[in-house]
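Take a look at the structure below.
Just so it is clear, none of the values below were taken in a lab; they were calculated from the coordinates. Not measured: the values here are computed from a predicted model. When we count neighbours, we look across all protein chains shown, and the Cβ atoms used for this are built from the backbone with ideal geometry, even at glycine.
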Amino acid sequence: MSAADTGSEPCQGAGPSEATLHTLREAFNAGRTRPAEFRTAQLQGLGRFLKDNKQLLQDALAKDVGKSAFESDMSEIILCQNEVDLALKNLQTWMKDESVSTNFLTKFSSAFIRKEPFGLVLIIAPWNYPLNLMIMPLVGAIAAGNCVVLKPSEMSKNTEKVLAELLPQYLDQSCFAVVLGGPEETGQLLKHKFDYIFFTGSPRVGKIVMAAAAKHLTPITLELGGKNPCYVDDNCDPQTVANRVAWFRYFNAGQTCVAPDYVLCSQEMQERLVPALQNAITRFYGDNPQTSPNLGRIINQKHFERLQGLLGCGRVAIGGQSDEGERYIAPTVLVDVQETEPVMQEEIFGPILPLVTVRNLDEAIEFINRREKPLALYAYSNNVEVIKQVLARTSSGSFCGNDGFMHMTLSSLPFGGVGSSGMGRYHGKFSFDTFSNQRACLLSCSGMEKLNDLRYPPYSPRRQQL
Ligand code: NAD
């Protein structure tokens with residue numbers, strides 16, 4: 001079933017034109033997106049888009065970053081499908097007014113929180129999970145009853161094409177539009193007034209988006225990046241840790257905002273970890289990872305050159321090879337890395353894992369706390385007290401003990417950053433709440449006016465004691 005079956009017109013993958021934004025705003029003002037039936041139909045359309053175009057999406061993701069079908073399914077298509085299903089299942093409950101308690105003066109009134117849509121929402125996505133990071137927030141925005149402008153990344157151009165050409169066929173054109181463009185066009189788009197902006201991308205562009213939002217006092221969610229520390233305690237099985245760290249570091253060729261960016265461990269653990277990481281890399285990608293169908297490629301030449309520059313930091317213990325023609329960088333481990341080197345100054349966003357040695361847990365925690373608060377923080381230890389200490393004495397958007405980014409698969413957990421890794425939360429019900437204005441409502445009865453005498457002037461000393 002396509003959009004036509006839901007009585008909707010397909011929307012256009014072009015813009016941004018004043019006319020498109022005007023159409024969306026008019027539709028919102030007319031209340032088109034508010035009924036639960038409309039939201040349900042759009043969510044069902046989104047589900048069909050994912051199902052009908054699974055192969056096309058896998059192909060596009062493979063062309064953009066060499067993503068394997070398994071990685072595309074696991075981290076993009078299935079996650080989005082689950083999010084759609086969850087929203088469809090819970091929509092009626094999420095939309096319900098939430099009753100709250102009253103006090104003495106409002107005893108005979110009804111107090112509740114109404115979850116109302118903000119209005120016209122702008123969602124800007126990056127290229128590294130170009131489907132997931134567009135669709136996951138879109139589910140929340142639709143469920144909450146908003147009209148939406150979607151701006152995919154121009155860098156993941158194959159996925160951008162599918163989103164622009166096909167997604168609109170499954171949604172109502174008067175309420176949803178895909179707008180294309182890079183920095184210049186997005187800058188133009190941001191001059192318009194939106195009622196909510198949801199941005200995923202780099203901290204640098206996050207500041208530009210936040211400044212643009214401030215001009216209209218538009219509320220905003222910023223899902224940003226940074227360097228995610230991974231502490232490995234001496235009390236660990238190195239092979240188990242290496243398997244988990246390597247999988248999450250080299251997944252999507254390391255181009256993952258929640259990937260462990262660097263490992264902090266003792267010199268002794270480094271010596272045990274390097275051969276274990278070599279084992280894991282060979283097992284996952286074979287003797288020559290360049291020929292593995294399971295290892296992705298770097299998104300573009302600029303990022304390839306940036307990552308090549310980082311290979312000169314510390315000493316290469318594993319990997320280090322690259323091939324410009326394919327934008328291939330081997331799964332790499334760097335040792336003897338200094339805190340001051342470039343690889344420890346910027347988010348790596350590639351298949352390079354530096355190991356930085358520390359003397360003990362205190363030094364590791366001090367190292368983490370000297371830096372910006374990360375999006376995710378990982379700690380590995382067989383001693384749960386060590387994990388608890390890392391959790392208690394640091395801060396991050398999310399935390400995962402003894403694993404990689406599996407916390408991302410739970411829609412029961414809010415996802416987002418803190419400090420320079422972002423602000424705001426989404427996934428599951430948190431997305432619905434993010435895209436809803438939590439309107440505080442009190443409905444009083446017009447009777448029992450005598451009771452109100454207590455609050456009107458003239459105020460007697462006795463009344464002031466109330
Ligand atoms: P980016 O900030 O360069 O681009 C993100 C979006 O902003 C794109 O749609 C792009 O077209 C637009 N854009 C770029 N420059 C702009 C400008 N000057 N003005 C207005 N818009 C502009 O990010 P990216 O390179 O696409 O993605 C990588 C970054 O995103 C990394 O820092 C990564 O950690 C972060 N990220 C964060 C999350 C998260 O959930 N927190 C997820 C994925 C990626």
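Just want the ordering: LEU375, LEU355, from fewest to most Cβ atoms lying within 10 Å of their own Cβ. Can you show the working numbers first?
Values: LEU375 28, LEU355 25.
So the residues, fewest neighbours to most, are LEU355, LEU375.
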statement: If the label point sits 7 Å along Cα→Cβ of ALA211, residues of the range 173-197 with amide N under 20 Å come out as 182-194, 197
Sum of -39500 (n - 2.57) over DSSP H runs of 4+, divided by residues of the chain (222 nm, nearest 500): -11500 deg cm²/dmol
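Please give the peptides 198-206, 186-194, 31-39 ranked by average Cβ packing (other Cβ atoms within 10 Å per residue), highest first, as a rough proxy for protection.
Peptide ranking by packing, descending: 198-206, 186-194, 31-39.
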field: Cβ charges +1 (Lys, Arg) and -1 (Asp, Glu), total dipole of the range 344-448, debye
entry: 340
- request: Kindly provide log₁₀ I(q)/I(0) values, in the same order as q = 0.15, 0.21 Å⁻¹, from the Debye equation applied to equal alpha-carbon scatterers of the range 53-161.
  value: -0.71, -1.09
- prompt: What order, most packed first, do the peptides 55-66, 139-150, 247-258 have when packing is the mean number of other Cβ atoms within 10 Å of each residue?
  reply: 139-150, 247-258, 55-66
query: Using θ = phi - 60° and the Karplus form 6.51 cos²θ - 1.76 cosθ + 1.60, what ³J(HN,Hα) does each residue of the range 329-341 get, whole Hz, x for Gly and Pro?
result: 10, 5, x, 10, 10, 10, 10, 6, 8, 8, 4, 7, 6
- prompt: How many times 2.2 N^0.38 Å is the alpha carbon radius of gyration of the range 386-466?
  reply: 2.03
message: Quick check on the chain: of the DSSP beta bridges with both residues there, what percent are antiparallel, nearest 5%?
response: 35
- request: Can you tell me which of 45-51, 207-213 comes out highest on packing, and rank the rest after it, using the mean Cβ neighbours within 10 Å?
  value: 45-51, 207-213
query: Using only Cα atoms, what Kirkwood radius does the range 193-336 have, in angstroms?
result: 17.1
- prompt: If one computes P(r) from the Cα atoms of the chain, what percent of pairs lie at distances over 27 Å?
  reply: 58
Partner lysines for LYS302 [C-alpha distance under 23 Å; skip if fewer than 8 residues away on the same chain]: LYS63, LYS67, LYS151, LYS157, LYS161, LYS207, LYS227
- prompt: aspartates and glutamates within cross-link reach of LYS429: Cα-Cα under 19 Å, excluding same-chain residues under 8 positions apart?
  reply: GLU37, GLU76, GLU83, ASP85, ASP97, GLU98, GLU116, GLU223
- prompt: Contour minus end-to-end for VAL418 and ARG114, with contour as 0.36 nm per residue of separation and end-to-end as the Cα-Cα distance?
  reply: 106.7 nm
query: In the range 277-430, how does Rg compare with the Kirkwood Rh, expressed as the Rg/Rh ratio over alpha carbon atoms?
result: 0.98
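Give me the extension gain from GLU98 to ARG439: residue separation times 0.36 nm, minus the current Cα-Cα distance, reported in nm with one decimal. All intermediate terms of the calculation are to be shown ahead of the outcome.
Working: separation 341, 0.36 × 341 = 122.76 nm, distance 1.02 nm.
Extra length available between GLU98 and ARG439 comes to 121.7 nm.
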